[in-house]
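For reference, the structure is listed below as structure tokens.
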Amino acid sequence: MTNLAITANGLRKSYGDKVVLDGVDLTVPEGTIFSLLGPNGAGKTTAVKILSTLVSADPGTGDIRIGGHDLATDPQAVRAAIGVTGQFSAVDGLITGEENMLLMADLHHLPRNEGRRTAAELLERFDLTGAAKKPASTYSGGMRRRLDIAMTLVGDPRIIFLDEPTTGLDPRSRHTMWQIIRELVSGGVTVFLTTQYLEEADELADRIAVLNDGKIAAEGTAAELKRLIPGGHVRLRFTDPAAYQTAALTLRETTRDDEALSLQIPSDGSQRELRSLLDWLDSAGVEADELTVHTPDLDDVFFALTTGANIPSQSAQSKEAVR
């Protein structure tokens with residue numbers, strides 16, 4: 001049986017008349033990456049603050065357990081088991097990277113020698129040794145984010161909350177951060193990730209939940225969520241007008257583009273459907289110059305679930321092309 005790192009039942013939070021979380025249920029197995037998606041103001045950061053003991057849930061919330069500890073009755077045990085990297089860096093720019101690390105070691109009450117050893121090991125792990133003696137204010141955005149997570153790891157937490165950890169980073173720094181997160185999980189750490197980058201959730205998360213209007217609109221793996229949304233299709237493009245007309249008149253349920261000489265055929269992209277289509281093209285002696293398979297991506301899922309409409313895939317990426 002899989003051990004659970006985080007469970008929350010009926011999570012509720014309001015600020016005045018504004019309902020932010022309206023009975024949210026969360027289950028996160030140990031050693032996995034769980035991503036919470038949602039539009040701005042959906043309550044992602046509020047959920048992180050509650051689960052990390054920074055704010056209290058409203059009355060009526062059910063049981064919340066973090067690392068096996070009851071959040072309501074043993075918040076100190078929860079704090080000892082977790083690390084938190086918020087949207088805004090906790091790095092003090094007036095002191096060096098090493099001093100930031102040693103400050104965290106002092107806050108965790110580590111003996112002096114152990115604190116120095118831990119700081120040195122983490123600075124090396126995050127490729128910050130060369131900059132350790134420099135003021136953190138001189139660090140790039142990616143370096144500050146790496147230092148921020150290194151500081152989070154000083155207490156050796158087994159559960160880490162990362163609230164939009166790559167916001168504002170350039171693509172190279174973002175990919176470096178992704179590798180760091182993967183390495184943490186390979187070491188048995190559980191990561192609860194909020195992000196505005198759908199590609200990030202697709203790349204990293206074992207499971208994804210989409211938060212909208214205070215409720216979980218859908219939850220599953222990236223592949224499971226993509227299958228919720230219509231819009232998958234095969235696109236055939238022709239240069240021979242006669243071949244185009246033959247295919248357009250024979251194939252069923254096609255959407256024509258006479259100007260581009262292309263046909264769009266609804267499809268789930270399965271091998272069986274593709275084989276059937278290719279067999280038909282061969283038997284009819286029709287040759288398409290390009291065949292492209294399109295499947296819905298997380299952008300489609302996000303927009304559909306947060307607007308209440310099943311939006312056909314407009315931004316879906318081409319997954320396979322045969323020329």
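The values are calculated or read from the model by the stated rules, or taken from the named source; none is laboratory data. None of the values given here were measured: they were computed from a predicted structure. With ideal geometry, Cβ positions are generated from the backbone for all residues, glycine too; neighbour counts draw on all protein chains shown.
Quick check on my filter: what residues within segment 1-26 are β-branched (Val, Ile, Thr), in contact with a Leu (Cβ under 9 Å, 6 or more places away or on another chain) and more than 14 Å from Gly67 (Cβ to Cβ)?
Val24
Can you name every residue in segment 277-297 that is modelled with pLDDT of 85 or more and within 35 Å of the chain's Cα centre (by Cα)?
Within segment 277-297, Leu277, Glu290, Leu291, Thr292, Val293 qualify.
(1) in a helix (DSSP H, G or I); (2) surrounded by fewer than 23 Cβ atoms within 10 Å (Cβ to Cβ); (3) in contact (Cβ under 8 Å) with a residue 12 or more places away in the chain: which one isn't true of Gln196, the others all being true?
(1)
Within segment 246-276, track down each residue that is surrounded by 15 or more Cβ atoms within 10 Å (Cβ to Cβ) and assigned to a helix (DSSP H, G or I).
Across segment 246-276, the qualifying residues are Thr246, Ala247, Ala248, Glu273, Leu274.
Answer with yes or no whether Ala90 is more than 22 Å from Gly188 (Cβ to Cβ), of a type in the set (A, V, I, L, M, F, W, C), in the same structural domain as Gly188 (by TED's automatic domain parsing) and surrounded by fewer than 18 Cβ atoms within 10 Å (Cβ to Cβ).
Taking the combined requirement at face value, the residue satisfies it.
Look through Ala90, Ala5 and report the one residue that is under 22 Å from Ile180 (Cα atoms), assigned to a loop (DSSP other than H, G, I, E, B) and either at pLDDT 95 or above or under 25 Å from the mean Cα position of the chain (by Cα) (or both).
Just one listed residue meets the conditions, Ala90.
If I filter segment 167-191 down to residues being assigned to a helix (DSSP H, G or I) and among the aliphatic types (A, V, I, L, M), which single residue comes out as surrounded by the fewest Cβ atoms within 10 Å (Cβ to Cβ)?
Val185
For segment 11-18, indicate whether the set of residues that are of a type in the set (Ser, Thr, Tyr) and buried (at least 16 other Cβ atoms within 10 Å of the Cβ) is non-empty.
Scanning segment 11-18, I find no residue that is of a type in the set (Ser, Thr, Tyr) and buried (at least 16 other Cβ atoms within 10 Å of the Cβ), so the answer is no.
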